[in-house]
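Have a look at the structure below before the remarks.
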Amino acid sequence: MVWNADDNLTPRNEMGRGVKAALTIFLFLVSVLVVFLIFPLQTASLPGWLPALQGQLGIVLAILAPFAIVGLLGGMVAVAEIASTFHTYPREALRTRWAWILIVVNVLAAIIALLVAQVTMPDMDTILQVLAVGVGFQALIRTRFVLAKQIGGPDKNDAEVSLNLGWLYDQFQHLCRTQIDLELMNNRRTAVTRLLEFYPSLAELYDIAWYTIISRATLSPDEEKARQDELQKLIDPKAPENFARTNIALMILENGGQAYVELLLDQAMAAAKAGAPVPTTPEQVVRQMVDKYTLDELVQLTNQLTASEEIRKWVSQAARPSSEASQAQQKASIAHFLVQQVGLDAVKRVVADAASVRDA
């Protein structure tokens, strides 16, 4: 399967631009409407029907505003549920059809609940109705009430009398979550396939996955260590290489996200189109350092890059022979450390100069 540089103009990107344009137009029209309603038109030179239209629109807006507010609150709750469930792919999840079904159902349910409240409690203050429905209704449909429970009985649902108002919504939410996940399977498979196409080497995929994990700013030390251990388990000589490559590519997607993978693919396609595999990303620079340098040469390279005794001492210790790690793992750790501590541009410049000297 062959990819070219024009593949980055995917229909998904075109759809994203279309959504942004539609949202911009919608916000502009809403702004114009708000300005039109806020500032009264009483100038004698204007047609008589224009102030009358403004007054009628003000009345309609006063009637529809409570429904718009509760609908907006319901939609925001649905968006928050989707984003928290698919925290690695929130943008992609919100673009799926079933995500919009979940959002629309929440909006319509909130609007219907406000309509029922207005019919049954017409004397209630409008602001209180909006707050009660916008906040209370969202909590109510997700709540399970225990009416009676056996004293000293086992802690089981069959030993109590309960009213589970959220059961129906739970079933619907589970349906939407499953369908969204199935729709995202296509995107995940496409991303993994393209990663394997442009980064076929197991060592290169390993370096990218390692850098993706250690460059995450929101991971706790325990989470980072657990993901590194999970990555290490995939580098097993007994495991099939295709299995390891596929799982490492999926790990890159899970830890970096769709946008990060698209960035890697764009850079790989640009390098392939130029006809020269010039290292541009931290992962590519690290891979070149692992392939081209020995441990002693990396120590010498560190002395050229920085005068910091702390960095030089760390690299010297990391370059010592170890029975717990292979030389490739030691070199990868040193290369990642240099890129982080010294800077990508400085490392690229020194590596490129050293490569030109070698070629000469």
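Going by what's in this entry, would Ala217 be described as farther than 20 Å from Leu265 by Cβ, aliphatic (A, V, I, L, M) and not in a helix (DSSP H, G or I)?
Taking the combined requirement at face value, the residue satisfies it.
Take the residues in the range 202-231 that are charged (D, E, K, R) and over 13 Å from Pro282 (Cα atoms); name whichever of them is surrounded by the most Cβ atoms within 10 Å (Cβ to Cβ).
Among those that are charged (D, E, K, R) and over 13 Å from Pro282 (Cα atoms), it is Arg227.
Within the range 118-143, can you find the residues that are without any contact (Cβ under 8 Å) to a residue 12 or more places away in the chain and aliphatic (A, V, I, L, M)?
Val119, Met121, Met124, Ile127, Leu128, Leu131, Ala139
Is it true that Ile208 is more than 17 Å from the chain's Cα centre (by Cα), in a helix (DSSP H, G or I) and closer than 21 Å to Asp266 by Cα?
Details: more than 17 Å from the chain's Cα centre (by Cα): yes; in a helix (DSSP H, G or I): yes; closer than 21 Å to Asp266 by Cα: yes.
For Ile208, the condition - more than 17 Å from the chain's Cα centre (by Cα), in a helix (DSSP H, G or I) and closer than 21 Å to Asp266 by Cα - is met.
Are there any pairs, at least 6 apart or on different chains, whose C-beta atoms fall under 6 Å, with the first in the range 64-82 and over 11 Å from Ala110 (Cα atoms) and free of Cβ contacts under 8 Å to residues at least 40 places away in the same chain and the second among the aliphatic types (A, V, I, L, M) and part of a helix (DSSP H, G or I), and if so, which?
Final answer for the pair search is Ala78/Leu102; Ala78/Ile103.
Pairs please, first residue from the range 97-117 and in the same structural domain as Leu73 (by TED's automatic domain parsing), second anywhere and modelled with pLDDT under 90 and not in a helix (DSSP H, G or I), Cβ atoms under 8 Å, 6+ apart in sequence or on different chains.
Ala109/Ile141; Ala117/Met124
The values are calculated or read from the model by the stated rules, or taken from the named source; none is laboratory data. All of these numbers come straight from a predicted model, not from anything done at the bench. Every residue, glycine as well, gets a Cβ built from its backbone with ideal geometry; the counts of neighbours run over all protein chains shown.
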